[in-house]
Structure formats: structure tokens, C-alpha cells
1. Check the straight Cα-Cα distances from LYS7 and name the lysines below 17 Å, setting aside those fewer than 8 residues away within the same chain.
2. Listing GLU83, GLU22 from the residue with the fewest other Cβ atoms within 10 Å to the one with the most, what is the order?
3. Please sort 36-42, 5-11 by packing, taking for each peptide the average over its residues of neighbouring beta carbons within 10 angstrom, highest first.
4. Under a plain spin-label model, where a point goes 7 Å from the Cα along Cα-to-Cβ, how far apart in nm are GLU72 and PHE59?
5. Report the full-extension gain for the segment HIS37 to ARG103: residue separation times 0.36 nm, less the Cα-Cα distance, to one decimal in nm.
Amino acid sequence: MAAYCFKCDDCGEQFERRMTFEELHCPRCPACGRASHRDYKTELFGGHRSGCWPQVSDFAGVHPDQVKSHAENIKKKGVRGVEVLENGDIKWNDRKARKDYCRAFKLFDKDAGYGDASPVNYTG
């Protein structure tokens, strides 16, 4: 199943939906309920996967009992643009926040290093 990015025609909200090509359609905006259109520019040039920001990761997260201490640790390391959600998931506000967080906590993506999921000159 692929991830597709959409943008609301009225409020400008960007959002992502996972669906097969056969079921591909332009869903209603989750923020205002109005029509949306597929955002090809974000899909092609937006970064990790479809490029919709913010992005949430359970892989980079922690156990819910560790949320408070991990949030403090993020601040100590000087990483900005990152939030630890109540369930322990990590929310990155932009590409730089993801890269900084991955470097600070030594999370190395075998397909991308510490940066984007599809870097131009990454050789592995």
C-alpha cells in the first residue's frame, strides 16, 4: 500500500493517506471536511516518504512510562522540533528535527543514514 499526500483546497491542510492505486481518490480534509487534491510536489520533493510534516514514529519512540524522562533527555541534547507523545511515539515537526533526533540518539536508517529516506548520494 502506498502513501499519498493531499492538500485541502480551502484551508491548506496537508495530510497523508495510505491506499492502493485501485482505491486512490481525493479524500475530504480531516481539518475542515472540504475537498482536497493530490499534492504531487510534496510527494516528489517533500522528503521522507510522502514528505508530509509533522511525522510521527513509533519506531523512534519510547515506552509510555519513559515519556517524561525522554522529553527531558531530548532537551538536554539540544534537539528542537521534536515532541514525545503520551503513548511514547515521537513527533518530528520537520526534516531537520528528524535528522537531529536520529543523530542524537544514534538511530541510523540503513537506507538513509541519519537524514532523509532517499538521499541523493547515499551509498550505504
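1. Straight-distance partners of LYS7: LYS41.
2. Listing GLU83, GLU22 from fewest to most nearby Cβ atoms yields GLU22, GLU83.
3. Most protected by this proxy first, the peptides run 5-11, 36-42.
4. 2.9 nm
5. Answer, rounded to one decimal: 20.3 nm.
Just so you know, all these numbers are worked out from the coordinates, no wet-lab data involved. Values in this document were obtained by computation on a predicted structure and should not be read as measured data. No Cβ is skipped: glycine too gets one built from the backbone with ideal geometry, and neighbour counts run over all protein chains shown.
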